[in-house]
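Presented below is the structure to which this report refers.
The values are calculated or read from the model by the stated rules, or taken from the named source; none is laboratory data. Just so it is clear, the structure is predicted and the values come from calculations on it, not from any experiment. So basically every Cβ, Gly included, is an ideal-geometry build from the backbone, and we count neighbours across all protein chains shown. The protein model used for the area step is the full one, side chains on, heavy atoms only, and it has no ligands, DNA or RNA in it. Shrake-Rupley method; radii C 1.70, N 1.55, O 1.52, S 1.80 Å.
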Amino acid sequence: MSDQWIAPDLLFDGATLRTGQALRITNGVVQGIAPAPQGAQPIPGILTPGYVDLQVNGGGGALLNGTPTRATIATMAHAHRRHGTVAILPTVITDRAEVLEDAANALIAAKGIDGVIGLHIEGPHISEPRKGTHDARFIRPLDDRTMAVVTHLRDIDIPVMITLAPESATLDQISALAKTGAVVSLGHTDATAAQVNAAIAAGASCATHLFNAMSPMTSRAPGAVGAIINSTVFAGIIADGYHVDDSMVGLAIRARPEPDRMMLVSDSMPTIGGPDQFTLYGHDVTLREGRLINREGTLAGAHITQARGVQRLIHNIGLPAEAALRMAITTPATCIGRPDLATPVGRPLADLLVLDTDYGLRHTLAEALSAENSPNAAE
């Protein structure tokens with residue numbers, strides 16, 4: 001089959017936005033990027049790899065903790081793909097050990113489902129004072145059962161991110177987790193800066209939803225927030241305007257000592273592509289004016305997509321568009337060890353997005369070309 005050349009108005013190649021470039025496509029897969037040749041098919045808009053989200057609790061009305069099955073994971077992946085997120089880490093939060101084990105088995109069974117790239121274990125090895133919406137009944141120190149789950153997933157080459165509080169694990173345990181190849185992420189913690197720095201030295205390489213559920217930064221006590229901002233670890237952040245004030249998101253991004261260490265996460269729940277209410281730990285969580293509120297009146301996850309997060313980074317926080325795209329694509333892909341997700345090359349057309357000039361999602365490249373080639377396209 002002959003090559004097809006596609007020339008968008010702008011192309012995000014994983015690092016920068018480029019003009020005058022085209023994708024060479026063979027058999028529905030991008031083979032390369034080159035200056036647009038004569039006769040390349042123009043595509044109006046901004047073409048980019050799809051979004052990567054390393055913290056997805058639910059979607060399409062399904063919650064991984066509620067029903068930890070392959071079908072739940074498939075539903076979540078499909079719901080987020082409809083909003084431009086083509087790679088997710090389904091996330092299981094603090095619960096009984098059996099729920100974690102069932103989630104891991106479901107993830108193994110889900111191997112091969114488009115967009116499912118690993119498992120994020122968020123808790124139960126966290127700090128009770130910084131538990132957020134997590135249920136205190138299930139919080140416990142890091143134990144052999146969790147270590148066994150992580151080790152097994154890594155032995156069969158499934159990416160794992162595990163969020164824990166430094167005070168809930170020993171440095172030797174953190175080191176052992178890191179040596180499996182799991183991404184150890186610090187979160188839901190009341191740790192001092194010294195404890196955080198020690199955990200980083202032991203192998204922790206990430207932080208979970210910066211600012212939220214962690215000891216704050218003050219003038220004389222940097223806390224977890226200050227230690228993480230001053231470090232070179234990756235750090236997720238929720239940019240919905242509710243979890244973190246927009247000015248603080250911008251401050252944290254500018255303050256990091258090394259670029260491209262901040263990544264956008266959604267912390268999304270079943271309300272993405274689903275009803276406005278779901279059950280967590282046996283109690284209703286309701287969507288009210290953009291916030292997910294639990295029975296205690298506090299935030300319980302987020303109702304935002306990566307697509308909307310990118311728009312907010314650009315329009316509300318003032319980030320350059322290519323920096324916002326890196327936060328939602330390149331940095332999370334790098335963090336989880338999947339740099340292939342940060343480039344258009346080697347990707348099927350359904351994994352590439354076409355955005356409008358406002359950076360809103362129009363459709364996938366597959367959908368765009370299908371519409372262009374349909375018999376009614378010229379009508």
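Taking 0.36 nm per residue of sequence separation and removing the Cα-Cα distance, the residue 172/residue 155 pair yields an extension gain of 4.2 nm. Taking Cβ atoms as reference points and 11 Å as the exclusive limit, the residues near residue 228 contribute a net charge of +2, counting Lys and Arg as +1 and Asp and Glu as -1.
Backbone geometry of the range 274-291 corresponds, through the Karplus equation with coefficients 6.51, -1.76 and 1.60 at θ = phi - 60°, to 3J(HN,Hα) couplings of x, x, 7, 8, 8, 10, 10, 6, x, 10, 6, 10, 10, 7, 10, 6, x, 9 Hz, x marking Gly and Pro. Simple spin-label estimate for residue 260 and residue 137 gives 4.6 nm between the two label positions (7 Å along the Cα-to-Cβ direction from each Cα). Would you mind computing the Rg to Rh ratio of the range 1-138 from its alpha-carbon coordinates, Kirkwood style for Rh? Using only Cα positions, Rg/Rh for the range 1-138 is 1.15. When DSSP beta bridges are restricted to pairs lying wholly in the range 13-123, around 50% turn out antiparallel. Of the solvent-accessible surface of the range 158-276, computed with a 1.4 Å probe over protein heavy atoms with every protein chain present, carbon and sulfur atoms account for 54 percent.
Between the amide H of residue 274 and those of 60, 61, distances stay under 5 Å, these residues lying 5 or more places away or on another chain, with hydrogens modeled in the peptide plane. Of all DSSP beta bridges confined to the chain, the antiparallel ones make up roughly 50%.
Need one word for the range 239-379: rounded, prolate or oblate. Basis is the Cα gyration tensor (sqrt eigenvalues a ≥ b ≥ c); a/c below 1.5 gives rounded, then a/b vs b/c decides.
On the way: a/c = 1.97, a/b = 1.27, b/c = 1.54.
Judged from the Cα gyration tensor, the range 239-379 comes out oblate (a/c at least 1.5, b/c at or above a/b).
Computed from label points 7 Å out along Cα-Cβ, the spacing between residue 367 and residue 198 is 5.1 nm.
Net charge near residue 60: determine it from the other residues with C-beta under 12 Å of the C-beta of residue 60, scoring Lys and Arg +1 and Asp and Glu -1.
Net charge in that neighbourhood comes out at +2.
For the chain, the solvent-accessible area works out to 39 Å² per residue, with a probe of 1.4 Å and every protein chain left in place.
The length gained on full extension between residue 108 and residue 128, counted as 0.36 nm times the residue separation minus their Cα-Cα distance, comes to 4.2 nm.
Projecting the Cα atoms of 243, 84, 127 onto the dipole axis of the chain, where Lys and Arg carry +1 and Asp and Glu carry -1 at the beta carbon, places 127 farthest toward the positive end. Shown is the FRET efficiency for residue 97 and residue 221, computed with R0 = 45 Å from the Cβ-Cβ distance and rounded to the nearest 0.05: 0.85. In a DSSP loop and with at most 16 other Cβ atoms within 10 Å, the trypsin sites (Lys or Arg not before Pro) in the range 1-88 are 82. With P(r) over Cα pairs in 20 Å bins from 0, in percent as the read-out, I listed [x] 24, 46, 24, 6, 0; [y] 23, 40, 25, 11, 2; [z] 30, 57, 13, 0; which label goes with the value calculated from this structure? So the calculated entry is the one marked [z].
Couplings 3J(HN,Hα) of the range 80-88, computed from phi: 6, 4, 4, 10, x, 8, 9, 9, 10 Hz, in residue order, whole Hz [Karplus 6.51 cos²θ - 1.76 cosθ + 1.60, θ = phi - 60°; x for Gly and Pro].
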